[in-house]
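Enquirer: This structure is in structure tokens; I'll ask about it shortly.
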Amino acid sequence: MELTTEILCNRLIKTYPLLCPKNFYNYPVHIAYFAENTAWEDGIAYIVKDQSMGPRCLLADTKSAFFCLWENEEPQEETKCDVIFLSPTVNPCTLLNDINRIFSEFNHWEQLIFSCPYTTDGIKEIIMLSKQVLRGRVSMADIFLNYVLYNRKIQKNPGRVSFSNDTNHDRIYDLINDPLFYKYESVKGVFLYPGKCYSTLGYNLYQNKKFNYRLIYNNFTDTYTTEEYYIFEYLAKKISTMIEHIPSMSASIPSNSPLRNSIYQIIFGTCPISALLNKQLKEIGWANDDDYYLILMEYYFKNSEFDAPLFHIFTLEHMYSESIAIKHKQGLILILNLTQNAHLQNYKFLDTFSPFIRESMYKCGISAAVKGFSNLNYAYMQATFALQYGLSHMEHFWYFKFEDFYLQYMISQIVDQFPSEYVCHPALHQMRLYDEKNKTELYQTLYVFMNCQYNSSKAARELHIHRTTLLYRLDKIYELTNINLENWETRLHLMFSYQLLGV
């Protein structure tokens, strides 16, 4: 890797007494060695120990760096090189070894960068590797400044911006809320954003000549060294090249496809004309009568001010080739075509989906398989119920399938019409009153007996009582309530009632 002379000096000045020029030319140099009686070459860091070579060294027109082992004044004005003077007591071999060590460290780091795959994980790995050479934090944001990749463990926080422990919250909000920051979208190369509280380096990343992302570097001070500029630009150019070749960084279905708008119309009850919808589906190889899953995704931490990253739409559509994702409130909606993706049926997509939502902090409701794209409004209702019910009853899970809550949904529809006491079997109320008055457990006993498929021996074991005691309780239940468990409608009514009232 080529380094500039200023980078070398900044590294060496910690050990050596250097007399450096006020303004560096900062020519890139890539190797260091002792100079003999040969012509000077461009891009070389020379170590000159013979003072008789001074005039030749100082007046050289070569784009090089010269480390001179003698004391002198500053280089003459006509010098076209970066000339650094050291004390004559410096050992040239030691100096050479130290310079080579600096190059070796950067070369090793460069090799790690080049070994990263051309994937989103590869970009994330590069950003993580930036910690080895930069003191601040490198982050990658989408066009709405949602942080999608970063090089430190970020503290999870509501909203689209994540904060590290050493970041002042006001500074980040200053960056987000300043319109000036968005005016830099047309700038090519590294630019310095002069924030109100601190400065930030930025680099716009393009895909198909369209501004999609921004690389951001914060060292949480007001100044940046030449080395930080140089390394940050190197990282940005590498990532910029990768983005152009990574399918996951662009939507497989065009972002302006009218089908995306049709999804909004369908789920909110204004389905487009059938012929128009069929035409939109045909353009991407889908059909209206295909089978679909609809997944409603919401951030675990909700904040009405911020949205889910658009980056996640691109990632999901790349993960599942026959899919389409759209923004929805503060989250996303993902639709999977099961007819085109037969290997994802029976919820097999969860093998890859589960790690993604845990890492991205989403809670999800998943519909049952629905036939017909125009029926996605029903799938949306299912996913919404699954998510709401799951969050209220089993919040520690990351996703909730509607198929697991069929009975709960049916019961919820009953309760919406009548209070539970008006639709439950009266026998349950009778048993509850009797239990309260006589300190018995008839209500619990009948539930366990029915749940054990009317097996008295199994139910007795579940209740930790003798079978004879169970039979006595059942006789008391029949006598008190006059129920007939041989009638399937009675059994169904009782089980629904238990679900409504709770056991």
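Enquirer: Would you confirm, using the coordinates I've provided, whether Ile357 is of a type outside the set (Gly, Ala, Ser), under 22 Å from Ala287 (Cβ atoms), buried (at least 16 other Cβ atoms within 10 Å of the Cβ) and touching a residue at least 12 places away in the same chain (Cβ under 8 Å)?
Expert: no
Enquirer: Are any residues in segment 402-453 among the small types (Gly, Ala, Ser) and farther than 26 Å from Leu376 by Cβ, and if so, which ones?
Expert: Selection gives Ser420, Ala427.
Enquirer: Look through segment 57-75, keep the residues that are open to solvent by 90 Å² or more (accessible area, probe 1.4 Å) and touching a strand residue (DSSP E or B) at 6+ places or on another chain (Cβ under 9 Å), and return whichever of them is modelled with the highest pLDDT.
Expert: Only one residue fits best here, namely Lys63.
Enquirer: Restricting the search to segment 1-25, which residues are among the aromatic types (Phe, Trp, Tyr) and within 22 Å of Thr89 (Cβ to Cβ)?
Expert: Tyr16
Enquirer: Moving on to the next point. If you scan segment 326-352, which residues turn out to be closer than 16 Å to Tyr299 by Cβ and open to solvent by less than 30 Å² (accessible area, probe 1.4 Å)?
Expert: Ile326, His328, Gly331, Leu332, Ile333, Leu334 - these are the residues of segment 326-352 that are closer than 16 Å to Tyr299 by Cβ and open to solvent by less than 30 Å² (accessible area, probe 1.4 Å).
Enquirer: Name the helices (runs of 4 or more DSSP H) wholly inside segment 391-503 in which the number of residues that are in contact (Cβ under 8 Å) with a residue 40 or more places away in the chain is 3 or more.
Expert: So the answer is 406-417, 426-438, 442-451, 467-481, 488-501.
Enquirer: Further question: So, of the residues in segment 381-404 that are open to solvent by less than 30 Å² (accessible area, probe 1.4 Å) and under 23 Å from Gln340 (Cα atoms), which turns out to be nearest to the chain's Cα centre (by Cα)?
Expert: Checked segment 381-404; the qualifying residue nearest to the chain's Cα centre (by Cα) is Ala383.
Enquirer: Looking only at segment 230-280, count every residue that is within 22 Å of the chain's Cα centre (by Cα) and modelled with pLDDT under 85 and tell me the total.
Expert: Summing the residues that are within 22 Å of the chain's Cα centre (by Cα) and modelled with pLDDT under 85 in segment 230-280 gives 13.
Enquirer: Something else now. Looking at segment 87-130, which of the residues that are surrounded by 16 or more Cβ atoms within 10 Å (Cβ to Cβ) and not in a helix (DSSP H, G or I) is nearest to the chain's Cα centre (by Cα)?
Expert: Thr119
The values are calculated or read from the model by the stated rules, or taken from the named source; none is laboratory data. Source: prediction; values computed, not measured. Here Cβ is always computed from backbone atoms with ideal geometry, including for glycine, and neighbour counts include all displayed protein chains. For accessibility, only protein heavy atoms count, side chains too; no ligands or nucleic acids. Shrake-Rupley method; radii C 1.70, N 1.55, O 1.52, S 1.80 Å.
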